[in-house]
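Input: a single structure, listed below in structure tokens.
The values are calculated or read from the model by the stated rules, or taken from the named source; none is laboratory data. It should be emphasised that the depicted structure is a prediction, and the values quoted were computed from it without experimental measurement. In this analysis, Cβ positions are derived from the backbone assuming ideal geometry, glycine residues included, and neighbour counts consider all displayed protein chains.
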Amino acid sequence: MSISSIKRVSDDSATTPEISKLIATYRQGYGLERRFYTDLKVFEHDIKRVYLNSWLYAGHVSQIPNPGDYITFEIANESVILIRGEQQRINALVNVCRHRGSRICSAASGQAKSLVCPYHGWTYDMDGHLRAARHAPDGFDKSLYSLKRINVGVFHGLMFINFAVAPQNFETMQQKLDECTKPFGFDRAKIAHRAVYPIKANWKLAVENYTECYHCSIAHREYSKLHTLEVPHEQVADLNTAMMARATEVGLVPKTVDHVTPGSTEVEYFFWRSPLYPGHVSGSPDGKAVAPPLGDIRGYDGGATDIQIGPVSFFLAYSDYAVIYRFIAKSIQETDCELIWLVNETAEEDTDYDLSRLTWLWDVTTESDKRIIEANQQGVNSDYYEPGPYSKMEQSTSRFIDWYLEKIG
Amino acid sequence: MSISSIKRVSDDSATTPEISKLIATYRQGYGLERRFYTDLKVFEHDIKRVYLNSWLYAGHVSQIPNPGDYITFEIANESVILIRGEQQRINALVNVCRHRGSRICSAASGQAKSLVCPYHGWTYDMDGHLRAARHAPDGFDKSLYSLKRINVGVFHGLMFINFAVAPQNFETMQQKLDECTKPFGFDRAKIAHRAVYPIKANWKLAVENYTECYHCSIAHREYSKLHTLEVPHEQVADLNTAMMARATEVGLVPKTVDHVTPGSTEVEYFFWRSPLYPGHVSGSPDGKAVAPPLGDIRGYDGGATDIQIGPVSFFLAYSDYAVIYRFIAKSIQETDCELIWLVNETAEEDTDYDLSRLTWLWDVTTESDKRIIEANQQGVNSDYYEPGPYSKMEQSTSRFIDWYLEKIG
Amino acid sequence: MSISSIKRVSDDSATTPEISKLIATYRQGYGLERRFYTDLKVFEHDIKRVYLNSWLYAGHVSQIPNPGDYITFEIANESVILIRGEQQRINALVNVCRHRGSRICSAASGQAKSLVCPYHGWTYDMDGHLRAARHAPDGFDKSLYSLKRINVGVFHGLMFINFAVAPQNFETMQQKLDECTKPFGFDRAKIAHRAVYPIKANWKLAVENYTECYHCSIAHREYSKLHTLEVPHEQVADLNTAMMARATEVGLVPKTVDHVTPGSTEVEYFFWRSPLYPGHVSGSPDGKAVAPPLGDIRGYDGGATDIQIGPVSFFLAYSDYAVIYRFIAKSIQETDCELIWLVNETAEEDTDYDLSRLTWLWDVTTESDKRIIEANQQGVNSDYYEPGPYSKMEQSTSRFIDWYLEKIG
């Protein structure tokens, strides 16, 4: 992993008095005021303070195995080239030519031993250094015109980027989650499927939805047959204890690690395994396994692990497959929810797994979430909307709100 | 009819100095300046001062005959559930859950003995009282979380709503128009057809168009063959006198009632019957009747009644059918013109009326209006546009402008 | 040619302190800052200072040969009727009725002995005088309600308009370019084809692209096989000298005339002929002629003439055909690039020219330009974009920037 950074040109992310005043309307235990979801100035502030100042999941190492392999990642007005360079180094280069500012790579992925701007042919190497600029003015110093670079972090094959000049610490998370994440072998996984669900709602309503399961028993019939999160935790204490024992047996480390602390200098992270209902071992139509175990796991323990790294990247891992959830704000009331299904790298489609069984649960669940999040946004747009009190099953949403207000304040 | 109200959360509808200055540019007898149709701040002010502060036609009682029947009505960011509750009461409930703000009803109409939020299952009764909220925090008082309620008025089966905290008086209109409206039996009518014509223009240009017939002889060939409004009134005085006699004979009360007074504490209303050309008795391709008489009317008098209730709801009644016109502002230069055709509740399609003959005149006329209103907006957007003088046949448009300026001032 | 003008109603085009501050960020020899391409206030200022204050190519005389023939031209919120009136006069009339502001002509072209507003029938003659207004108020003076008129200039059959109250001088250009333009016989040309290429980018990025050929060798393979502009001028000095001699032989006047001077009171103009590579005489797939010579030209000299008149209208003339380029800003990041192919008026399609061979080069080249200009805008939208230095082959772009900054300052 390598971290280095170059300052953005414009970095006016100071909190305005207007936003401070809005933050002051917050009443602990209740939701946010309407303007947090409808005011363009808040949205622009969110982009700068949250998206361009946090660790974001950007891709999986299997997407760029060899030098010159690249993928691009887009957020707000930014585009980043994640390219494997010399000495296997993973570079996150800003996709903006230093001459007249053209995008250099327009494809979602590709292979290139050098990055050539399609406009005037300025040529950069795989590490972003300018190598050629025809007819440059006299006295031109190529070394001043490398592609700009942002921070990269890689954790068990999961690549993260961070636009911040002084990004939050990524290493402590790596140490704390290393042992319990290792058995899943994410670095030896492969992408089985990818889908994007565009949601007509502010990104915070999407994340709020993801952080609580109070809605599960009402909105997610399929999920609620399998997962125990749809009831208060204390009601499933015994199931949990039994699953923990089985998890340990198959080689997992089912500890709980929690660090989503307002104002922290570390990346936000969270790790936790919870039980499925008896007789079920995976998120599938019949609760049966849909793929060979991931990584070093030696069986099916009937649990599901929730991991969070950074504010908008979530990972859900059964014994046999994992789903990456990524929320990308596109505009004030448009958010892309992207899902990536991972299986063991040796698993073969049709032989080892059936794609429709693998993707069924989280496709149907995300389609439902899309509908309820959009209905939530419509209601929140009303002049009559007033934040109501959180239930006992929405404490993690309340915690997200606290974290968010600290982040933008 | 029942009127009660709960204050909106945000109600900042004060007239800004900028808008006052714009109002001061008005020259009596001329149109409005460009910015009234192009400035987003004026539009937002219009929504608050006109749409959210006026009586709006929201539906017909036949749409919700039984307890639990509901329709939804949308304007600006607001959605209202018109639901028939206990004791046949008609409730206008704000379609926003008191928990996290989700829309509760997403369909245009339905039937429900209780209103259950699709997000977390909070449950309200047909009168909007919160009945259930799972896992609510300690000390939670359900009685504080009823659905919010806005004003409802019902006049001969026509349902109106009003978002205002202190709505204009609705009763005086009911008394003044009762006798002359009664024979049409609108409360015993049924909806034969409904169509929405989206118009790319500011709502005021649409209403201005509706309020004058100076354009009829130029733009509405079909209408002008039947209706005498396309010439100055004095030219058809004799036709009018003859029609008045026939109207009385068939049981109508063809009086003129007029109350569209700037600054009034009463709802705006207007009632007037005007003659068709000899040999015609309805708005149809050949001027012949297209349906059995409405309500208690005993024949075809060859007249057409114009009724206005509130600023954007108009009703046109021949002896055999009526058309409801509703103008709903969608954005600064997008307005939905909705038409609803009413016939007697006992009339059967194909047997008693042919839908294509019934809807022909006002479909073709509205399509023409859509075109000319959109061309009007395009021209008004020009920097070269200057309001011109109203002709002698546009006095009612001039009156609408006066009313409007008082309403927003 | 006739020039006269009537003031626009709103003409608030003063440079704000904000824009002055932005202009002050300019560093000679480098590109413009991001906000010039992303700030709505800059765009609105551009429209007023550049588009509504410059000579714009609006059409070819062959489109309106007879009295009553008209075409319409649209820019920003404005629409102009270019109509041939009495005594063959070409009028540029604002397409806004003086009554309620409706557009009068909605078609792109037509024929009308009088202009009748489709709304209320106000009727104007071909020179814009109001002739009829039914039921006008008492004391109405028709002479005060002529259609508004903007400036028109015609140069060898090319019609230009200018919205300015005090437009830049058009005549000096006519004198200076008359001799060298005459042989092309543009006034005796006909339109062979017309195409619009919508580009998702700010208009300045499109014009910047047009003004330099540094990108040609990278982005325009087809063009670069034919045209010598893809290398520095000094490398083709001999080819140029040879072409000049041949040009003179066939009746052309290959002089260079250059007047794109910041702050000038004259229209911007430019005239220059450059050589094709040996063996090529036209912009065609094989470099062979695709049509009979234009105007009075007596052969194929193997040159191409670039003409600019006003800031956004360009003309490229081979010996056998010409292409008109017009850049019309539609929104801050949407620009229409319109191409019009001219051939001699006597040339017949299929007999004298093959349309696909005629249009091939500039269609394929413009499609490429569309792609690179859009990629340029995407990159410029980034917070990381910094203007880079212009190469030695982009001096004319640098000059355009200087001109632009003076125009808006």
Specify the residue that is farthest from the chain's Cα centre (by Cα); the eligible residues are those in the range B:358-391 that are over 30 Å from B:Ile340 (Cβ atoms) and polar (S, T, N, Q). B:Ser382
Of the conditions (1) crowded, with 16+ Cβ neighbours inside 10 Å; (2) more than 8 Å from every other protein chain (Cβ to nearest Cβ), A:Arg131 clears all except one; give me its number. (1)
Just name the residue that is nearest to the other protein chains (Cβ to nearest Cβ) out of those in the range B:54-76 that are within 30 Å of B:Tyr385 (Cβ to Cβ) and either surrounded by fewer than 22 Cβ atoms within 10 Å (Cβ to Cβ) or small (Gly, Ala, Ser) (or both). B:Ala76
For the range C:269-281, state whether one or more residues are without any contact (Cβ under 8 Å) to a residue 24 or more places away in the chain, in the same structural domain as C:Gln175 (by TED's automatic domain parsing), under 16 Å from C:Trp362 (Cβ atoms) and surrounded by 18 or more Cβ atoms within 10 Å (Cβ to Cβ). no
Got a sec? Which of A:Glu266, A:Glu208, A:Glu249 is over 17 Å from A:Glu367 (Cβ atoms) and within 14 Å of another protein chain (Cβ to nearest Cβ)? A:Glu208
Test each condition in (1) more than 17 Å from A:Ile90 (Cβ to Cβ); (2) surrounded by fewer than 22 Cβ atoms within 10 Å (Cβ to Cβ); (3) of a type outside the set (A, V, I, L, M, F, W, C) for A:Asn202 and report the one that comes out false. (2)
Output for the range C:341-382, where each listed residue is in contact (Cβ under 8 Å) with a residue 60 or more places away in the chain and of a type in the set (Asp, Glu): C:Glu345, C:Glu349, C:Asp352, C:Asp354, C:Asp363, C:Glu367, C:Asp369, C:Glu374
Cβ-Cβ below 6 Å, separation at least six or inter-chain, first residue in the range B:132-144 and under 15 Å from A:Lys392 (Cβ atoms), second among the small types (Gly, Ala, Ser): which pairs? B:His135/A:Ser391; B:Ala136/A:Ser391
Restricting the first residue to the range C:100-111 and requiring it to be more than 8 Å from chain B (Cβ to nearest Cβ), which pairs with a second residue that is aromatic (Phe, Trp, Tyr) meet a Cβ separation below 7 Å and a spacing of at least six or different chains? C:Cys105/C:Tyr70; C:Ser109/C:Tyr70; C:Gly110/C:Tyr70
List the strands (runs of 3 or more DSSP E) that sit entirely inside the range B:116-161 and contain at least 1 residues that are under 20 Å from A:Tyr30 (Cβ atoms). B:123-125, B:130-132
Within the range C:161-199, residues out of contact with any Ser or Thr (no Cβ under 6 Å at 6 or more places or on another chain), in the same structural domain as C:Ser319 (by TED's automatic domain parsing), over 25 Å from C:Val257 (Cβ atoms) and surrounded by 17 or more Cβ atoms within 10 Å (Cβ to Cβ) come out as C:Ala192
A:Gly388 touching a residue at least 40 places away in the same chain (Cβ under 8 Å), closer than 30 Å to A:Ala14 by Cα, surrounded by fewer than 17 Cβ atoms within 10 Å (Cβ to Cβ) and of a type outside the set (A, V, I, L, M): no
Within the range A:381-389, identify whether any single residue is among the acidic types (Asp, Glu) and closer than 18 Å to A:Ile218 by Cα, and answer yes or no. no
Filtering the range C:344-380 down to residues that are under 25 Å from C:Ile297 (Cα atoms), surrounded by 16 or more Cβ atoms within 10 Å (Cβ to Cβ) and β-branched (Val, Ile, Thr) yields C:Thr359
Taking into account only those residues within the range A:247-266 that are assigned to a loop (DSSP other than H, G, I, E, B) and either at pLDDT 95 or above or over 23 Å from the mean Cα position of the chain (by Cα) (or both), which is surrounded by the fewest Cβ atoms within 10 Å (Cβ to Cβ)? A:Thr256
Looking only at the range C:112-128, how many residues end up being more than 10 Å from chain B (Cβ to nearest Cβ) and surrounded by 13 or more Cβ atoms within 10 Å (Cβ to Cβ)? 8
Which of the residues belonging to the range A:344-373 are within 9 Å of chain B (Cβ to nearest Cβ) and farther than 25 Å from B:Phe140 by Cβ? A:Arg371
For B:Val290, state whether it is touching a Leu at 6+ places or on another chain (Cβ under 6 Å), under 19 Å from B:Ala322 (Cα atoms) and among the β-branched types (Val, Ile, Thr). yes
The residue that is surrounded by the most Cβ atoms within 10 Å (Cβ to Cβ), considering only those in the range A:312-334 that are of a type in the set (Gly, Ala, Ser) and in contact with a helix residue (DSSP H, G or I) (Cβ under 8 Å, 6 or more places away or on another chain), is A:Ala317
Within the range A:300-311, can one find any residue that is assigned to a loop (DSSP other than H, G, I, E, B), crowded, with 23+ Cβ neighbours inside 10 Å and more than 13 Å from the chain's Cα centre (by Cα)? yes
All positions within the range B:285-314 that are within 30 Å of B:Arg49 (Cα to Cα) and of a type in the set (Asp, Glu): B:Asp306
Any chance the range A:65-73 includes a residue that's without any contact (Cβ under 8 Å) to a residue 40 or more places away in the chain and closer than 26 Å to C:Ala201 by Cβ? yes
Report yes if some residue within the range B:84-95 is closer than 23 Å to A:Asp383 by Cα, assigned to a loop (DSSP other than H, G, I, E, B) and modelled with pLDDT of 95 or more; otherwise report no. yes
Please tell me if C:Phe43 is crowded, with 22+ Cβ neighbours inside 10 Å and in a helix (DSSP H, G or I). no
What number of residues within the range C:12-25 are at pLDDT 95 or above and either crowded, with 17+ Cβ neighbours inside 10 Å or small (Gly, Ala, Ser) (or both)? 5
Identify, please: which residue in the range B:211-239 is out of contact with any helix residue (DSSP H, G or I) (no Cβ under 8 Å at 6 or more places or on another chain) and away from chain C (no Cβ under 13 Å) and is, among those, farthest from B:Gln377 (Cα to Cα)? B:Asp238
Within the range B:104-115, which residues are in a loop (DSSP other than H, G, I, E, B) and of a type outside the set (A, V, I, L, M)? B:Cys105, B:Ser106, B:Lys113
Taking the stated definitions as given, is A:Val312 more than 30 Å from A:Asn381 (Cβ to Cβ), touching a residue at least 60 places away in the same chain (Cβ under 8 Å) and not aromatic (Phe, Trp, Tyr)? no
